[in-house]
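Chemist: Once you've had a glance at the structure underneath, I'll fire off some questions.
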Amino acid sequence: MTAPSVIRSLHLAEQATAPIHIAGLSKRYGEQRALIDVCFDVRAREVLGLIGPNGAGKTTLLEAIAGILPADAGDVLWHGTPLSHAHRRDAIFYLPDGLRPWDDQFVVRVVEFFATVYGHGQSRVAETIHSVGLSPVLNKRISALSKGYGRRLMLVLALLTPQPVLLMDEPFDGFDLRQTREIMGVLRDVASRGRSLVLAIHQLNDAERICDRFVLLADGQVRGIGTLNELRARSGKASARLEDVFLALT
Amino acid sequence: MRSPELAASRNAHMSPLLVKELRDALSGRALWTMLFILCPLVGYSFFQAVALYSEASASARDSPVLASGLSPLDGVLVPSFGALYLAVTLLFPFVAIRTLGHEKETGALRLLVQLPYRVPTLVVAKVAAISIAWLISIIPLVSVLIIWIVLGGHLYAPETLNLLLGHLLYGLLVGAIALFAAAVSESAATAAIIALAFTIGSWVLDFGLAGQPGLLEWISRLSLTQTLRSFEQGLLSLSLLLGIVAVICGFTALSAVWLHPGQRLQIKLSRSVICVAIIAAVLALATQIRTSIDLSEDQRNSFPAADQRALAELREPLVITVRLAPEDPRYVDLRRNVLSKLQRVLPNVTVRLATTGQSMVGSTSDEAYGEIEYSYGGRLAKTRSTSHREALPLLYGLAGKPIPTPIAGEDYPGYPLIAGSELTLLWFFAALPLLIAITWWWSRRVPRIPQQLVQDGGQT
């Protein structure tokens, strides 16, 4: 067996174990290339960090994966089979950044809506609400929520969805240090229960604390994929922080 | 292949979605504002209509002939419902746009399309919410009907329900157009401009092109307000009904095509073309349907019963050649009094305009201008009259049939009523708006939170 074919079979084997494989996603906005042949896997029960500066293409990539934005080329494979546009939502749920949906509704109403859509009982809803500390604002209108509670609400909605892969854009934006750590604990728990998380994070310290692996994205291109140690090895900086590794590889 | 777990996640119940849509519609200010504006509009229209009707009734007190001209449909219902027409044309688009436009602006749509509902299901739920919003908005009109009965007025159920059906269809049509506008626009403001271009554009067609000859006359028929005309005359035309339903379904389908932000533009365009082609085909089919039911109590859309029976026996093709310009008032009279009634009762009627392309001014020097020629069974007869009292005897003569004897007691008696409606202003200007305000306040109350959900450490 030749070396390339071994690599190819290893890659295929990896695809078979990874629930989601992103295969060559590309997207243009006029002359600007927002995504260029982006490829990576999302493994079961992992927290994958999508790391990149502002404008790197993180949001575009997440939206293209979720099927909310049409990609120009590329596929999303579910256990090796292309996941059609209409069926993306069966496998993937995407939580956009900075949303304040149904802002004139009460928090409890929107939570109840998601819970009834997915057939969750009250105990599951209560557990989710308590895990992110949303209880104090259940009787408030969404428009009246602070940024932090708005984030918690969005997190509750995402946690009530059953899709095996959860994409989240800047999940810690709006939280202070203590709250960020609490939410990291919640997300870790979610991953340990079987869901795969893809988090677009621009705060590299946060990413380093929670993510198992990283996809480094700059100018719409993947510049590196792997665990922190693997990326350190690639960058030749054995004990560097993620920040230094990112700067070295991009 | 998708796993069974994934397939199961696509079968959610419709009810939570419907409840959410209804809550969204009720929580917005657009519907309540429309209701508040409708109360005085409807109230004043009704007050004016009753005042005029009473005045006419006073004149007709001693004259059965004058009394027979007093129909509550024309005198009270149509003017009162005119306020609803105005509100639906100008304000209802905002109510309908909100059901989708607000979700687009806040980003909620990006969550909605990921829920286990197909896009058409999402759109149907929104149309259901728009329909319920329309039902809420007719509360002032329902009170008009009740007050009219309390005042001693007469209502003929079939024509009243037909009028309501016409306004429902018009409301849904405006709602579907507004929903489509919201689906193709990035902001609610743009959607409002598009929707109002349709509704107010119809007024331009009505005032600018109606009565014009040729193509302009055909274009004027595209006006949305044309949908109400026959319902206001107590006529239920299956052709019109099918046409309106097809257009409503068409705009709903187009909304579904354009709703999903992740769909490619090319796919949206190609599906839109298919939708438009299907709508056009159904409309073409609808024009072939000639069945219509005269639901008016005075049977204004039909000839007297004896003539209806006699004419129903004529089976040969009737060709009517009209030498009148379309904008000529005599042609309008002829259409209303003779042509449309003949087209309803006879199986094969062809109307030819001999002056196509000519204006009324240009044709008046022609000596034959004004002639109406009836051709039946190879025989011809001419007249200049636009009344059925002249035309029908000619037609019986051509068919070799005797003129039927009028059936006694079939005349419409008319329903004169002298009533004072000043007190109703109090209802429409004060009591009803107050009730609506209370309902609005009640709808905004804080919901009951289950105890299980609030028992928490209370992080802040």
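Nothing in this text is a laboratory measurement; each read-out follows from the coordinates by a stated rule. As the structure is a prediction and not an experimental result, all values here were calculated from the model. Backbone-built Cβ (ideal geometry, glycine too); neighbour counts: all protein chains shown.
Chemist: To the nearest 20 Debye, how big is the dipole of segment B:314-399 about its Cα centre, given +1 on the beta carbon of each Lys and Arg and -1 on that of each Asp and Glu?
Modeler: That gives a dipole near 380 debye.
Chemist: Helix-only mean residue ellipticity at 222 nm, the protein assembly as shown, DSSP H runs n ≥ 4 weighted -39,500 (n - 2.57), per residue, nearest 500. What is it?
Modeler: Calculated at 222 nm, the ellipticity per residue is -16500 deg cm²/dmol.
Chemist: Which value, in debye to the nearest 20, gives the size of the charge dipole of the protein assembly as shown about its Cα centre, when Lys and Arg are +1 and Asp and Glu are -1 at the Cβ?
Modeler: The dipole of the protein assembly as shown has a size of about 1660 debye.
Chemist: For the Cα atoms of chain A, what angle does the longest principal axis make with the long axis of helix A:3-17, in degrees from 0 to 90, nearest 10?
Modeler: For helix A:3-17, the angle is close to 10 degrees.
Chemist: With just the Cα atoms defining each centre, how far is segment B:64-126 from segment A:173-250? Give it in Å.
Modeler: About 50 Å separates the Cα centre of segment B:64-126 from the one of segment A:173-250.
Chemist: Provide, in order from the shortest bin, the percent of all Cα-Cα pairs of segment A:3-249 in each 5 Å bin, continuing until the bin that contains the maximum pair distance.
Modeler: It works out to 1, 6, 13, 17, 19, 17, 13, 8, 4, 2, 1, 0, 0, in whole percents.
Chemist: Sticking with this structure for a sec: Could you put B:366, A:206 in order, starting from the residue whose Cβ has the fewest other Cβ atoms within 10 Å?
Modeler: Least to most surrounded, the residues fall as B:366, A:206.
Chemist: Please compute the length gained on full extension between residue B:287 and residue B:66, using 0.36 nm multiplied by the number of residues separating them and subtracting their Cα-Cα distance. Write down the numbers at each step before the final one.
Modeler: On the way: separation 221, 0.36 × 221 = 79.56 nm, distance 3.72 nm.
Extending this stretch completely gives an extra 75.8 nm.
Chemist: If you don't mind, there's one more thing I want to ask. So, R0 is 22 Å and r is the distance between the beta-carbons of residue A:127 and residue B:118; what FRET efficiency does that work out to, to 0.05?
Modeler: FRET efficiency, residue A:127 to residue B:118: 0.15.
Chemist: Here is a follow-up. At a Förster radius of 25 Å, what calculated FRET efficiency corresponds to the Cβ-Cβ distance of residue A:239 and residue A:203, to the nearest 0.05?
Modeler: Rounded to the nearest 0.05, the efficiency is 0.75.
Chemist: Quick one: among A:171, A:19, A:101, which has the greatest mean-square fluctuation in a GNM of chain A with alpha-carbon springs under 10 angstrom?
Modeler: Top of the fluctuation ranking is A:101.
Chemist: What do you get for Rg/Rh over the protein assembly as shown if you use C-alpha atoms and the Kirkwood form of Rh? All intermediate terms of the calculation are to be shown ahead of the outcome.
Modeler: Working: Rg = 33.7 Å, Rh = 30.2 Å.
Here Rg/Rh amounts to 1.11.
Chemist: Let me ask something additional. Going by Cα centres, segment B:249-291 and segment A:89-132 are how many Å apart?
Modeler: So the separation of the two Cα centres works out to 34 Å.
Chemist: Would you mind checking which residues have amide H under 5 Å from residue A:41's amide H? H placed 1.01 Å from N; only 5 or more apart, or other chain.
Modeler: A:22
Chemist: If you count, for every residue in B:104-115, the Cβ atoms of partner chains within 10 Å of its Cβ, what is the mean?
Modeler: 6
Chemist: Sorting B:63, B:272 on the 10 Å Cβ count, fewest up front, what's the list?
Modeler: Details: B:63 12, B:272 16.
Going from sparsest to densest Cβ surroundings: B:63, B:272.
Chemist: Still on this model: If you line up the long axis of helix B:432-443 against the longest principal axis of chain B, both from Cα atoms, how many degrees apart are they, to the nearest 10?
Modeler: Taking the Cα atoms of chain B, the angle to B:432-443 is about 30 degrees.
Chemist: Helix B:188-204 against the longest principal axis of chain B: what's the angle in degrees, Cα atoms only, rounded to the nearest 10?
Modeler: Orientation of helix B:188-204: about 10 degrees from the principal axis.
Chemist: May I pose another question? Rank A:150, B:130, B:332 by how far each Cα sits towards the positive end of the charge dipole of the protein assembly as shown (+1 on Lys, Arg Cβ; -1 on Asp, Glu Cβ) and give me just the farthest.
Modeler: Result: A:150.
Chemist: Further question on the same structure: Please give the net charge around residue B:114, taking every other residue with its beta carbon less than 9 angstrom from that of residue B:114, where Lys and Arg add +1 and Asp and Glu add -1. Intermediate results must be reported in sequence, preceding the final value.
Modeler: Working: positive: A:88, A:89, B:110; negative: none.
Spelling it out: positives minus negatives among the neighbours equals +3.
Chemist: Treating only the Cβ of Lys, Arg, Asp and Glu as charged (+1, +1, -1, -1), what charge dipole size does chain A show about its Cα centre? Round to the nearest 20 debye. Don't skip to the answer; put the middle values down first.
Modeler: Numbers: 29 positive and 27 negative charges, 72 e Å.
The dipole of chain A has a size of about 340 debye.
Chemist: Rounded to the nearest 0.05, what FRET efficiency is calculated for residue B:206 and residue B:105 with R0 set to 25 Å and r the Cβ-Cβ distance?
Modeler: Numbers: r = 33 Å, r/R0 = 1.31.
Step by step, r from the Cβ atoms, then E = 0.15.
Chemist: When DSSP beta bridges are limited to those with both residues in segment B:314-399, what percentage is antiparallel, rounded to the nearest 5?
Modeler: 65
Chemist: I would also like to ask the following. Residue separation times 0.36 nm, minus the C-alpha to C-alpha distance between residue B:19 and residue B:161: what's the value? Numbers along the way, then the final one.
Modeler: Working: separation 142, 0.36 × 142 = 51.12 nm, distance 2.78 nm.
Extra length available between residue B:19 and residue B:161 comes to 48.3 nm.
Chemist: Once a ≥ b ≥ c are taken as the square roots of the eigenvalues of the Cα gyration tensor of segment B:12-294, is the result rounded (a/c under 1.5), prolate (a/b larger than b/c) or oblate (a/b not larger than b/c)?
Modeler: In terms of gyration-tensor shape, prolate.
Chemist: Order by neighbour count: A:39, A:211, fewest other Cβ atoms within 10 Å first, most last.
Modeler: Final ranking by Cβ density, sparse to dense: A:39, A:211.
Chemist: Same structure again: Taking a ≥ b ≥ c as the square roots of the Cα gyration tensor eigenvalues, with a/c under 1.5 meaning rounded and otherwise prolate when a/b beats b/c, else oblate, which class fits segment A:121-215? Provide the component values of the computation, followed by the final result.
Modeler: Details: a/c = 1.96, a/b = 1.28, b/c = 1.53.
The shape class here is oblate.
Chemist: Between residue A:86 and residue B:434, what is the label-point separation in nm under the 7 Å Cα-to-beta-carbon projection?
Modeler: Placing both labels 7 Å along Cα→Cβ, they lie 5.5 nm apart.
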